[in-house]
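The values are calculated or read from the model by the stated rules, or taken from the named source; none is laboratory data. All values derive from a computational prediction rather than experimental measurement. Here the Cβ is made from the backbone with ideal geometry for all residues, glycine too, and neighbour counts use every protein chain on show. Calculation scope for accessible area: heavy atoms of the full protein, side chains included, ligands and nucleic acids excluded. Shrake-Rupley method; radii C 1.70, N 1.55, O 1.52, S 1.80 Å.
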Amino acid sequence: MKVTDITDQKKNKDRVNLFLDGAYYCSIAARLVEERRVYIGLEIDGRELERIIFESDRQKAYDMACAYLSKRAATVRTIESKLYERGFGRAVVEYVTEKLKDYGFLDDREFALDYYEARKDGCGIRKIASKLKEKGVSEKDLAAIYENEDRECALKGALKATKKHMAGKAVDEKYFARLYRFLLSRGYDGEIVSECLAYAKGKRDEDID
């Protein structure tokens, strides 16, 4: 194959368009064109070109992942999905995620802890864990939130939710069944639900702000 043209990209000055045998072939990092001495008229081996493209894609994918993480925290699965959506292959995606983990930019355990801290006032740990599983957090990393569970905070949040749920409703046995289902849907465990039901039935005094 022969390099017949190399053109700058208008929207991304760090990349160029590579043309082989008179036709557009791919976009690659501009620095690699210089470093690998790729020039118009060069006869290039297919395997060497694939190595250059792979290196270029790794850098492009890494930059994309860093840009995403600079705006919001994410799990490994989320970053993988974003990169696959952009058309990167498995080897590139695995390289990028491992590099990000090595640098400490991707850490599902820390993500889980931060996610739990931000939501523990509004729902139970079971619901939080379920959401984290959907984001790809493993059971091993989920263990961190159970190890750091704030039971007092969970009970306080559940009691507040109970008080709000009770407002304006007729409190009877049918209502208690609805309240039970509501609290379970918020991810609270049996012990906390029992405490809330006791409060609703007037069997527990609690000063709720």
Quiz item: Under a 1.4 angstrom probe, counting protein chains only, how are Asp114, Asp102, Asp189 ranked by accessible area, largest first?
Solution: Asp102, Asp114, Asp189
Exercise. With runs of 4+ DSSP H residues as the only contributors, calculate the mean residue ellipticity of the chain at 222 nm using -39,500 (n - 2.57) per run, divided by the residue total and rounded to the nearest 500.
Key: -18500 deg cm²/dmol
Exercise. Springs between alpha-carbon atoms under 10 Å, Gaussian network over the chain: tell me which of Leu32, Leu42, Leu184 tops the mean-square fluctuations.
Key: Leu42
Quiz item: Any idea what log10 I(q)/I(0) is at q = 0.17 Å⁻¹ for segment 126-209, Debye with uniform C-alpha scatterers and no solvent?
Solution: -0.72
Self-check item: Cα-based reach from Lys163 at 19 Å (exclusive), listing aspartates and glutamates while leaving out same-chain residues under 8 positions away
Solution: Asp121, Glu152, Asp172, Glu173, Asp189, Glu191, Glu195, Asp205, Glu206, Asp207, Asp209
Exercise. Taking H placed 1.01 Å from N in the peptide plane, check which residues at least 5 places from Tyr188 or on another chain put their amide H under 5 Å from its amide H.
Key: Gly124
Practice problem: Could you provide, to the nearest whole Å², the per residue accessible area of segment 63-188 with probe 1.4 Å? | Solution: 59
Self-check item: Rg/Rh for segment 1-114, where both radii come from Cα atoms and Rh is the Kirkwood radius
Solution: 1.06
Practice problem: Give me the distance between the Cα centres of segment 139-160 and segment 1-41, rounded to whole Å. | Solution: 53
Quiz item: Out of segment 127-209, which chymotrypsin sites (Phe, Trp or Tyr not before Pro) are coil in DSSP terms and have no more than 15 other C-beta atoms within 10 Å?
Solution: none
Quiz item: Ignoring ligands, DNA and RNA, what percent of the accessible area of the chain is carbon or sulfur (1.4 Å)?
Solution: 46
Practice problem: Please arrange Tyr68, Tyr95 by accessible surface area, largest first, computed with a 1.4 Å probe and ligands excluded. | Solution: Tyr95, Tyr68
Practice problem: Largest first and in whole Å, give the semi-axes of segment 54-136's equivalent ellipsoid, each being the square root of 5 times a Cα gyration tensor eigenvalue. | Solution: 27, 12, 10
Quiz item: Once the Cα atoms of the chain are picked out, what are the Rg and Dmax in Å?
Solution: 27.0, 87
Quiz item: Which ³J(HN,Hα) values, rounded to whole Hz and listed in residue order, are derived for segment 109-120 from phi using the Karplus coefficients 6.51, -1.76 and 1.60 in 6.51 cos²θ - 1.76 cosθ + 1.60 with θ = phi - 60°, glycine and proline given as x?
Solution: 5, 5, 4, 4, 5, 5, 4, 5, 4, 6, 10, 5
Quiz prompt | Rounded to 10°, Cα long-axis angle of helix 190-200 versus longest principal axis of the chain | solution = 50
Quiz item: How would Thr4, Thr97 rank on accessible area, largest to smallest, probe 1.4 Å?
Solution: Thr4, Thr97
Self-check item: Arg151 - accessible surface, heavy atoms, 1.4 Å probe, Å² rounded to 10
Solution: 80
Quiz item: Helix 90-102 sits at what angle to the longest principal axis of the chain, using alpha carbons and giving 0 to 90 degrees rounded to 10?
Solution: 60
